[in-house]
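> Following this message is one structure expressed as structure tokens.
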Amino acid sequence: MNFLRGVMGGQPAGPQPSGAETIQKLCDRVASSTLLEDRRDAVRALKSLSKKYRLEVGTQAMGHLVNILQADRSDSEIIGYALETLYNMISNDEEEEPEESEDGDSSGLGKRNSKSVMLEENSQKQADDLGVQFTEIFIKEQENVTLLLSLLEEFDFHVRWPGVKLLTALLKNQCAQVQGVILVSPMGVSRLMDLLADSREVIRNDGLLLLQQLTKGNAAIQKIVAFENAFERLLDIITEEGNSDGGIVVEDCLLLLLNLLRNNSSNQNFFKEGSYIQRMKPWFEVGDDNSGWSAQKVTNLHLMLQLVRVMVCPVNSPGATSSCQKAMYQCGLLQQLCTILMATGVPADILTETINTVSEVIRGSQVNQDYFASVNAPSNPPRPAIVVLLMSMVNERQPFVLRCAVLYCFQCFLYKNQKGQGEIVATLLPSTIDANSISAGQLLCGGLFSADSLSNWCAAVALAHALQDNLTQKEQLLRVQLATSLGNPPVSLLQQCTNILSQGDKISRRGSKVQTRVGLLMLLCTWISNCPIAVTHFLHNQANIPFLTAQISENLGEDERLVQGLCALLVGICIYYNDNSLENYTKEKLKQLVEKRIGKENFVEKLGFITKHELYSRAAQKPQPTFSSPEQMLFDHEFTKLVKELEGVITKAVHKSSEEEKKEEEVKKTLEQHDSIVTQYKELIREQDTQLNELKEQVSSLKTENEQMQATITHQLSQIQQHKDQYNVLKLKLGKDSAQQLSAQAEGAQVNGLQSEELTGLREEVEELRKQHAELQVQLREKDALIDKLRSGPAPPVEGIATSSENNAELLKELETLRSKVQSQTAEIGQLQAERRDLLKKVETCSAMVSVPTAAGSTDGAGDSGKIAELESRLVALMGETEKLKEEAKSSLESRAGLERQLAEANSTVAILQTEKAKLQQEVADSKKEQDDLLMLLADQDQKIQTLKSKLKDLGEPVRGFYSGFALCENGMLIHGSIVIH
């Protein structure tokens with residue numbers, strides 16, 4: 001303790017130990033002391049010296065401090081001192097640097113320790129940053145970072161807070177390496193996310209700083225943090241802190257959100273799907289009093305606007321951007337941004353960023369663009385927001401960045417918005433001009449011809465976007481007339497633009513500025529490209545082509561080379577899109593003029609100046625015009641796409657001869673003829689495909705009906721078998737009864753008593769025969785219905801038979817099976833009828849045998865006369881019943897005849913079907929022959945097309961050809977492939 005008092009207390013007499021010696025003694029005590037209190041005091045002393053003697057403590061004490069973290073985890077106080085000492089060694093905070101620079105001994109100690117082992121191993125890194133070197137030493141053992149992550153689970157403030165700060169410092173110095181260790185550590189990111197839930201604001205706020213460093217440039221960690229419910233927690237913190245009115249904590253949350261969402265499509269989709277966009281709307285609810293915005297509020301709102309832009313950035317996938325734009329409109333976020341846009345008292349940088357944000361929210365979204373067109377500024381009278389913004393764009397007193405933002409907003413409003421383009425051009429047409437109000441067209445024309453070159457360029461680019469990819473508006477803009485001065489006739493807008501470029505007095509006053517001339521040339525190139533009518537109007541002015549050729553052929557300075565390139569592009573457009581309607585300026589004459597006055601090679605070289613310009617490459621990178629100074633505003637992003645598209649075709653068009661063009665036209669005509677032939681064949685094949693599909697449907701329906709008929713026949717066969725069994729039982733019973741009757745009649749003397757019983761039994765048998773006959777009638781009617789169904793059923797398969805030979809064979813087999821079954825059923829019916837006739841004969845025989853004994857008994861005497869009379873009456877009744885049975889048998893024979901007729905009709909129907917089948921098979925054969933001829937014809941056509949395409953390629957022309965594939969399907973029908981445009 002006396003030693004510590006000497007170090008930290010008063011100065012005793014005698015020589016004082018140096019700082020390095022003191023630190024060495026403290027390290028020895030940390031390593032050798034057995035008492036926890038001694039080690040704690042030594043670590044506390046090292047902490048107090050770690051800022052002043054950073055190098056010495058780092059080189060000598062780091063290993064001992066790591067051992068303390070491992071061995072003494074039960075004592076939170078010594079762990080806290082060790083973590084703070086490590087933080088002082090590794091951290092590069094600005095407030096610590098002056099202390100080191102002011103201390104004279106530090107540099108001396110550094111010199112005295114320059115030969116230490118650790119610094120020799122890191123000699124290549126001995127610059128100014130000791131923190132980076134100490135960080136490398138610390139994370140060299142990955143277990144140290146894992147140990148630090150485990151210490152963060154301690155709830156004790158004196159352990160968790162310095163642990164958070166130390167890990168943040170490690171990430172600042174060696175971000176990628178520490179991220180890799182944390183990523184592979186089990187539950188490493190989850191432990192750090194728990195810091196946001198800490199009730200102590202200091203730890204929570206430093207946890208935000210830690211997560212900011214952790215999520216920089218690592219998409220894997222960003223995804224893990226997002227799925228650890230980071231969005232919900234951060235938005236809750238922002239709401240608790242007061243949204244845009246909050247302090248530095250809100251800024252930290254917004255920075256972390258930007259890290260998680262920027263260039264991470266997975267997290268962006270998760271943010272959108274989680275309905276977090278809707279929770280952004282309260283951020284932009286600013287009050288009516290917008291005076292006195294604090295610097296923190298401006299920073300917060302600026303970051304919030306950037307967060308919105310991240311979700312709808314043009315570099316994102318179109319589908320994700322579109323869905324985010326839709327959500328922002330539906331939740332009212334776009335409306336809230338437009339309110340800020342039209343509010344008064346908003347700081348300039350916030351207004352500029354809001355304009356840029358609204359631009360990207362509406363870019364390419366028709367619904368959002370329509371809403372923005374309906375927004376009015378709170379003025380008297382109300383004016384559309386577009387008009388108010390354009391007034392700022394053409395006002396040279398407005399800040400440069402604000403004018404660029406307005407131009408970007410106007411471009412985004414017209415991007416893929418033909419409706420908006422038509423509305424802007426309509427404000428320039430004579431029939432829609434309102435003298436009492438300022439329109440967008442008037443502002444654009446005013447800026448186009450003003451004395452400010454930046455206004456000229458912005459207005460020209462804005463007007464070019466109103467014509468982008470819209471042939472209709474290019475033709476409509478040709479109708480615009482301008483009154484140049486009193487007494488002179490009005491001139492067209494196209495004429496006025498060309499006059500400014502060609503007339504010497506105009507050029508000296510305006511066109512001498514490169515920015516103005518570049519803007520007008522970009523407008524003219526966009527206007528007349530892909531519009532032959534506009535090319536004709538441009539060439540109608542006799543002074544245009546001579547002026548352009550003179551500009552291209554001159555040897556001008558470096559600044560004028562870009563203008564020469566644009567003039568060459570304009571002449572090339574006049575050649576490529578020329579419809580040869582003007583005799584003096586046909587394609588061939590313009591090419592001859594270029595060759596004589598400029599030279600083809602010189603013309604192509606001047607044309608190449610455009611893409612070689614430095615500002616061209618910068619403008620081609622992203623749609624937003626971002627320029628550091630007004631002089632750099634020379635190229636527009638959409639115009640760079642047009643140059644890239646036209647440079648190659650114009651070069652080829654200039655080098656082509658008249659003969660090559662004629663050959664090309666002939667080839668095009670031939671290709672058009674081939675296209676018409678192929679179109680006809682395609683229509684024919686479509687019809688055949690339709691017929692084939694219909695026939696397939698009919699076959700499937702016939703198969704279904706066939707299955708139903710098979711089920712019905714199976715059911716009827718089972719019923720017939722049951723009837724046969726019943727008939728056999730009845731037959732046996734009738735044979736037994738007949739034998740009993742014959743034996744009774746042979747007895748003679750006992751006939752009176754037995755005849756009565758036999759007749760009663762016979763009557764019962766007759767009744768049973770009647771019932772059986774009725775059942776047979778019912779069965780015959782069912783068979784009649786079945787035969788009718790068979791007769792009507794096979795008719796539809798006629799179309800189906802034509803589809804394929806396989807289906808025909810199956811249907812014929814099924815018809816033969818049905819016919820055989822009907823014939824078997826008819827034979828069984830005939831057998832039943834024959835057996836019935838036998839039964840009737842037996843009944844008649846019984847009647848005759850009964851009448852013989854009756855006649856013999858009459859001679860015995862008058863006493864038996866009464867009995868004989870009674871028997872006779874019974875015999876009469878029995879004979880009547882027998883006659884009825886005969887009639888029923890006769891009707892059964894008639895029914896059988898009807899069945900035979902129906903069977904004959906069914907056979908004739910089968911014969912008709914077979915005849916029709918033969919006809920259809922012949923038609924199928926003829927169709928196959930026609931298709932073979934068609935294939936031969938198409939093969940010839942394809943060969944001709946390939947020959948023509950090879951000729952075009954030899955001539956150096958890009959070929960827009962087609963490929964038409966044909967093949968035979970399984971059933972012989974001709975099918976076609978899709979046309980592929982190369």
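> How many nm is it between the label spots at Glu916 and Ala774, if each spot is 7 Å from the Cα in line with the beta carbon?
Spacing of the two 7 Å Cα→Cβ label points: 4.2 nm.
> Give the accessible surface of the range 432-656 per residue, rounded to a whole number of Å², with probe radius 1.4 Å and ligands, DNA and RNA excluded.
Heavy-atom accessible area per residue stands at 42 Å².
> Let me ask something else about it. What percentage of the solvent-accessible surface of the range 145-228, computed with a 1.4 Å probe over protein heavy atoms, is contributed by carbon and sulfur atoms?
On the way: 1830 of 3180 Å².
In the range 145-228, the share of accessible area belonging to carbon and sulfur is 58 percent.
> Going by average Cβ density within 10 Å per residue, which order do the peptides 147-155, 678-686 take, highest to lowest? Can you show the working numbers first?
On the way: 147-155: 17.8, 678-686: 13.8.
Highest to lowest by the protection proxy: 147-155, 678-686.
> What percentage of the solvent-accessible surface of the range 432-656, computed with a 1.4 Å probe over protein heavy atoms, is contributed by carbon and sulfur atoms? Walk me through the numbers before you get to the answer.
Working: 4680 of 9490 Å².
About 49 percent, which is the carbon plus sulfur part of the accessible surface.
> Name the residues whose placed amide hydrogens come within less than 5 Å of the amide hydrogen of Asn316, ignoring near sequence neighbours (fewer than 5 apart) on the same chain.
So Asn316 has HN proximity to no qualifying residue.
> Of Asn205, Asn218, Ser190, which is farthest towards the positive pole of the range 145-228's charge dipole, taken about the Cα centre with +1 and -1 on the beta-carbons of Lys, Arg and Asp, Glu respectively?
Among Asn205, Asn218, Ser190, the one farthest towards the positive end of the dipole of the range 145-228 is Asn218.
> Related question: Residues of the range 297-381: accessible area per residue at 1.4 Å, in Å²? Mind showing how you got there, number by number?
Details: 3030 Å² over 85 residues.
Value for the range 297-381: 36 Å² per residue.
> Around Gln213, what is the net charge, scoring Lys/Arg as +1 and Asp/Glu as -1 over all other residues with Cβ under 12 Å from its Cβ? Write out the running numbers ahead of the final one.
Values: positive: Lys165, Lys172, Lys216; negative: Asp206, Asp252.
So the environment of Gln213 carries a net charge of +1.
> What order, most packed first, do the peptides 159-167, 209-217 have when packing is the mean number of other Cβ atoms within 10 Å of each residue? Don't skip to the answer; put the middle values down first.
Details: 159-167: 24.6, 209-217: 21.0.
Answer by packing, highest mean first, reads 159-167, 209-217.
> Related question: What residues have an amide H closer than 5 Å to that of Ala377, excluding those fewer than 5 places away on the same chain, when H is modeled at 1.01 Å from N in the peptide plane?
Correct list: Arg383, Ala385.
> Okay, moving on. Each residue of the range 247-252 in order: what ³J(HN,Hα) in whole Hz does its phi give by Karplus 6.51 cos²θ - 1.76 cosθ + 1.60, θ = phi - 60°, with x for Gly and Pro?
x, 5, 5, 4, 4, 5
> Starting at the first residue of the range 402-415, write each ³J(HN,Hα) from the Karplus equation 6.51 cos²θ - 1.76 cosθ + 1.60 with θ = phi - 60°, in whole Hz, x for Gly and Pro.
These are the phi-based 3J(HN,Hα) values: 5, 5, 5, 5, 5, 4, 5, 5, 5, 4, 5, 5, 8, 5 Hz.
> Also, quick follow-up: Run the accessible area of the range 19-90 with a 1.4 Å probe and give the carbon-and-sulfur part as a rounded percent. Before the final figure, lay out each step's value.
Values: 1170 of 2760 Å².
On the range 19-90, the fraction of accessible area on carbon and sulfur atoms equals 42 percent.
> Please report the net charge: other residues with Cβ closer than 12 Å to the Cβ of Pro630, K and R +1, D and E -1. Show your work: numbers first, answer last.
Values: positive: Arg403, Lys513; negative: Glu396, Asp452, Glu631.
Result for the local shell: -1.
> What size of dipole, in debye to the nearest 20, comes out for the range 145-228 about its Cα centre when the only charges are +1 on Lys and Arg C-beta atoms and -1 on Asp and Glu C-beta atoms?
300 debye
> Could you please report the charge total around Pro314, scoring K, R as +1 and D, E as -1 over all other residues with beta-carbon less than 10 angstrom from its beta-carbon? Intermediate results must be reported in sequence, preceding the final value.
Working: positive: Arg309, Arg363, Lys622; negative: Glu360.
Result for the neighbourhood of Pro314: +2.
> Past the 24 Å Cα-Cα mark, which pairs from Lys591/Lys622; Lys589/Lys949; Lys724/Lys886; Lys51/Lys165; Lys513/Lys606; Lys474/Lys587?
Numbers: Lys591/Lys622 35 Å; Lys589/Lys949 28 Å; Lys724/Lys886 22 Å; Lys51/Lys165 15 Å; Lys513/Lys606 19 Å; Lys474/Lys587 21 Å.
Where the Cα-Cα span goes over 24 Å, the pairs concerned are Lys591/Lys622; Lys589/Lys949.
> Arrange the peptides 356-364, 716-724, 410-418 so that the one whose residues have, on average, the most other Cβ atoms within 10 Å appears first. Walk me through the numbers on the way to the answer.
On the way: 356-364: 24.9, 716-724: 12.8, 410-418: 22.3.
Listed from highest to lowest mean packing, they are 356-364, 410-418, 716-724.
> Scan around Ser492 for amide H atoms under 5 Å from its own, H built in the peptide plane at 1.01 Å from N, and keep only partners 5 or more places away or cross-chain.
Distant-sequence amide H within range of Ser492: Leu482.
> Over the range 19-90, with the other protein chains present, what is the accessible area per residue in square angstrom, probe 1.4 angstrom? Could you put the intermediate results ahead of the total?
Values: 2760 Å² over 72 residues.
With all protein chains present, the range 19-90 gives 38 Å² per residue.
> Further question on the same structure: Work out the length of the dipole vector of the range 432-656 about its Cα centre, built from +1 on the beta-carbon of each Lys and Arg and -1 on the beta-carbon of each Asp and Glu, and round it to the nearest 20 debye.
Details: 22 positive and 21 negative charges, 62 e Å.
Dipole about the Cα centre, nearest 20: 300 debye.
> Through the Karplus equation 6.51 cos²θ - 1.76 cosθ + 1.60, θ set to phi - 60°, convert the phi angles of the range 187-194 into ³J(HN,Hα) values in whole Hz; use x for Gly and Pro.
Each residue's phi maps through the Karplus curve to give 6, x, 5, 4, 4, 6, 5, 5 Hz.
> I'd like the FRET efficiency for Lys953 and Ser676, computed as 1/(1 + (r/R0)^6) with the beta carbon distance as r and R0 of 25 Å, rounded to 0.05.
Calculated value: 0.60.
> Further question: Give me the percent relative contact order of the range 600-660, please, defined on Cα pairs under 8 angstrom at least 6 residues apart.
Working: 32 pairs, mean separation 20.9, N = 61.
So the answer I get is 34 percent.
The values are calculated or read from the model by the stated rules, or taken from the named source; none is laboratory data. In this text the structure is predicted, and so the values were computed from the model without any measurement. Every residue, glycine among them, receives a Cβ derived from its backbone with ideal geometry; neighbour counts consider all protein chains shown. Side chains included, ligands, DNA and RNA excluded: accessible areas come from the protein's heavy atoms. Shrake-Rupley method; radii C 1.70, N 1.55, O 1.52, S 1.80 Å.
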